[in-house]
Amino acid sequence: MKSILSYFLIALLFPLLFSCKNEVKENTETAPVDSVAKISEGKELDAKRQKNISSSVVSRAMMTPELSRFVSSAISAGLVDSLMQGGKMYTIFAPTNDAFDAMDSKTKERVYNLANVASLKQLLKNHIVIGNLDSINLVSSIRNHNGNFKINTMGGTQLNASRDGMDIIFTDANGKKSKLVKSDIKAENGILHVIDAVMGE
């Protein structure tokens, strides 16, 4: 009787043991595949991030020789990291090196004072706009707004865009004017324009 019971117990347990063994085997076989997929996904995200950085508006400015002062100022002001990331589109009206050199001595002393980085940051933000404004959009917006298109900057100031013949002119709140001298340097996260004066001093 005992031998018969033992036989039935073995007969019942054997399929269960076999199925558990298969389940463990399946889990060990699929685990490495999942790990490889996660690693691959991480590499793709890193590659995408690197692409965004290398083709950002700041990178385009770095490759434009006449904007080296603007780039060094953006680094000093701590703006580079945010302008290199994706997620938002930026339009930058970047003053040339000559434009920075032409600032009056009092303004230079104020914005390049290491103890007052906020002042430099504010000045640069007066040249940055959230959104993607290429020259075609600017021209059509000027025309659609009776010759004067108001642009809100990240610095909380306004630039007025208008036309003077074929030129696009920007006027800040103090009445200072700058001209668009190079346009539509396209980037992954926005667009870069070069202007000939520092605005919102």
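The values are calculated or read from the model by the stated rules, or taken from the named source; none is laboratory data. What you are looking at is a predicted structure, and each value in this text was computed from that prediction instead of being measured. Cβ sites come from the backbone with ideal geometry, for glycine too, and all protein chains shown count toward neighbours.
The set of residues in segment 81-110 being part of a helix (DSSP H, G or I), under 19 Å from the mean Cα position of the chain (by Cα) and surrounded by fewer than 18 Cβ atoms within 10 Å (Cβ to Cβ) consists of ASP81, SER82.
Can you find a residue that is assigned to a strand (DSSP E or B), of a type outside the set (Val, Ile, Thr) and over 14 Å from VAL198 (Cβ atoms) anywhere in segment 126-134? Reasoning before the result, please.
Of segment 126-134, the ones assigned to a strand (DSSP E or B) are 128-130.
If we keep only those that are of a type outside the set (Val, Ile, Thr) too, we end up with none.
There is no residue in segment 126-134 that is assigned to a strand (DSSP E or B), of a type outside the set (Val, Ile, Thr) and over 14 Å from VAL198 (Cβ atoms).
Please verify whether segment 104-114 includes one or more residues that are touching a strand residue (DSSP E or B) at 6+ places or on another chain (Cβ under 9 Å) and either under 17 Å from GLU188 (Cβ atoms) or at pLDDT 90 or above (or both). Looking for residues that are touching a strand residue (DSSP E or B) at 6+ places or on another chain (Cβ under 9 Å) and either under 17 Å from GLU188 (Cβ atoms) or at pLDDT 90 or above (or both), one finds none in segment 104-114, hence no.
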